[in-house]
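Since the structure comes first, as C-alpha cells, the remarks are kept for the end.
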Amino acid sequence: MSQETVTMTDNRTGKTIVCPILTGTHGPPVVDCHGLYSELGMFTFDPAYVTTASCESTITFVDGENGILLYRGYPIDQLAEKSSYLEVCYLLLYGELPTTEQMDHFTANIHQHTLLNEGLQRFYNGFRHSAHPMSMLVGVVGALSSYYYDAMDIQNPEHRNRSALRLIAKLPTIAANSYNYLMGHPYVYPRNDLGYVENLMQMMFAVPTQPYEFNETAIKALEVVLILHADHEQNASTSTIRLAGSSQAHPFSCVAGGIATLWGPAHGGANEAVIRMLQQIEHPKNIPDYIARFKDKKSNLRLMGFGHRVYKNYDPRAKIIREICHQLLKELDAQQQPLFEIAMELERIALSDEYFIERKLYPNVDFYSGIILRTLGIPLNMFTVIFAVARTVGWVSQWMEMMNEPQLRIARPRQLYTGAAERDYVPMAER
Ligand code: CMC
C-alpha cells in the first residue's frame, strides 16, 4: 500500500519535498518533515512547539478536543477509581498492569530505596530556614548523583531501572524532609510497612511525641491526586527531561531539571497560585471585579487553574478531582468551605462568560488539586512538591523510553535568527 504524503513546494524555486504522513494508534496524523532542511534548506517555525510532535511515545495519550487521557491505553477515570499509585507507576514504567507477583516484587524494590543517605539529610541544614521547598527539591535531587554511584551507567538497562526506582522511592522522603525542615520538625524516616501514600503522609505529619493517625478519606484523596498527576505526555517538564536526557545526562540531573521547570506558575506552580488567587478574591462578591481583570490583558492577571495548551473542551482530571473535592470537604474540613465556595462561584461565572467560552478556557486539574491539598493540611508552598512526587514516575518512564530507542540523538532545535546582520567590531573609542 502506498504511504500517504504531504507535498511541500518552495514557491521561490519550484523545488518540492514529499513528506510521509505518520499515523499513531490515536491522535492526529503527523507529517514527517525531517528532510526539509536537507532537501529545501529550510527549518519549520513553531514557537512553543504548538504543532510539533517531538518524539514517538507509547506511554500516555491526551486528546484535548474530547477530554481523553490514557496511561498505556487505560482511561484515567478507571485508574483513579480502581488502581493504586504504585500500580500506576508499574504500568507507566513497564507498559502493562502487573500480576500479583510482579506487584509484590516491584513494591519490595521500591521499599529497598526509600531511605536517604544520611549525608544527603545534612544538605537541608545548608538551606535558609525560609527556603521554598521546591528549591530544596531541585537541589537535593540534583545531589543524588553524588551519593548513588553504583548505577551511573545510563547505557546499562539494569542501572537505568535502579535509578528510576530510586527516584520514585526517594522523592517522598526528600519532599517530606523539605517540609519538616521548613516547619522545624524532626525528620521522620520512611516506614516500609505502609503504602506509598500513607508513608508520605506519616513522613510529613508524624511527630515523635504521639502516634500518627491515618484518615482513610485523606489517603484515598491523595492517592487519586498522585494518580492524576503521574504523567501527561510531552508537557514542559517532561520535554525538559527528554531534552536533558538526550545529551546522555544521568536521570538524577534530568529530573532536577524537570522539577525546576515544573515550578513555574504556568505549569505545576498553578495549584499554589490558585489558592493564592482564591485568598486574594476573599469573597464571592468580589468575583465580577476579578473576572474583569483576568480578561484585561493590561492587568497581566490570569484566572489560575483555567486553560490548558491541549485540553480545549475539558480536562478529564479536573472532572474526577472536582468530585473528590466535594466529598473531602463534606467529610473532613468545613473550614476550607469558604475557599471552595469562591472556587465554585468563580467556575460558574467563568464558564458562562463569553471571553472564556470563546477561548475554550476550562478548569484544569490544578483548579481543584490545591483545595484538596489544603484540606489535607499540606501548606501552600508544598503543593508543587506533591505534584513533583507524583510526576517523577512519568519523567523516568519517558526517560527510559527515550533511552531504549535504537539510536539516541541529542535534541537540538534550530531558530529563526532576527538579530543584527554580520558586522565588524568597532573599537570602544569609535562607538
Ligand atoms: N486566564 C485568562 N485568559 C487566559 C487564560 C487564563 N487562565 N489562559 C489563556 N488565556 C487567554 C490568553 O490571554 C489568550 O487570549 P488571546 O487569544 O486574546 O490573546 C488565549 O486565552 C490563549 O492563551 P495562550 O496563553 O496562548 O494559551 P496557552 O495554550 O499558551 O497557555 C496555559 C496554556 C495553561 C499556560 C494558560 O491557559 C494559563 O496560563 N493558565 C493559567 C495557569 C494554569 O492554570 N496552568 C496550569 C496548567 S494545567 C497543569 C500543568 O500543565 O502543569
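Rounded to the nearest angstrom and listed largest first, the equivalent-ellipsoid semi-axes of the chain from its Cα gyration tensor are 37, 29, 24. Accessible surface of the range 1-90, 1.4 Å probe: 53 percent of it comes from carbon and sulfur atoms.
Can you list the aspartates and glutamates whose alpha carbon is less than 15 Å from that of Lys15, not counting same-chain residues fewer than 8 positions off? List returned: Glu39. The chymotrypsin sites (Phe, Trp or Tyr not before Pro) found in the range 1-87 that occupy coil by DSSP, while having at most 12 further C-beta atoms within 10 Å, are Phe45. Averaged per residue, the chain has 51 square angstrom of accessible surface, using a 1.4 angstrom probe with ligands and nucleic acids left out. Over the chain, DSSP H runs of length four or greater, each weighted -39,500 (n - 2.57), average out per residue to a 222 nm ellipticity of -15000 deg cm²/dmol. Each label was represented as a point 7 Å from its Cα along the Cα-to-Cβ direction; for Asn215 and Phe43 these points are 5.2 nm apart.
Cross-link partners of Lys319 among lysines, defined as those whose alpha carbon lies under 17 angstrom from its own and excluding same-chain residues fewer than eight positions apart: Lys82, Lys220, Lys360. Share of the range 188-314's accessible area from carbon and sulfur, percent, 1.4 Å? The C+S portion of the solvent-accessible surface of the range 188-314 is 53 percent.
The values are calculated or read from the model by the stated rules, or taken from the named source; none is laboratory data. A quick note: this is a predicted structure, and the numbers were derived from the prediction, not measured. When we count neighbours, we look across all protein chains shown, and the Cβ atoms used for this are built from the backbone with ideal geometry, even at glycine. Please note that ligands, DNA and RNA were not included when accessible areas were found on the heavy atoms of the full protein model with its side chains. Shrake-Rupley method; radii C 1.70, N 1.55, O 1.52, S 1.80 Å.
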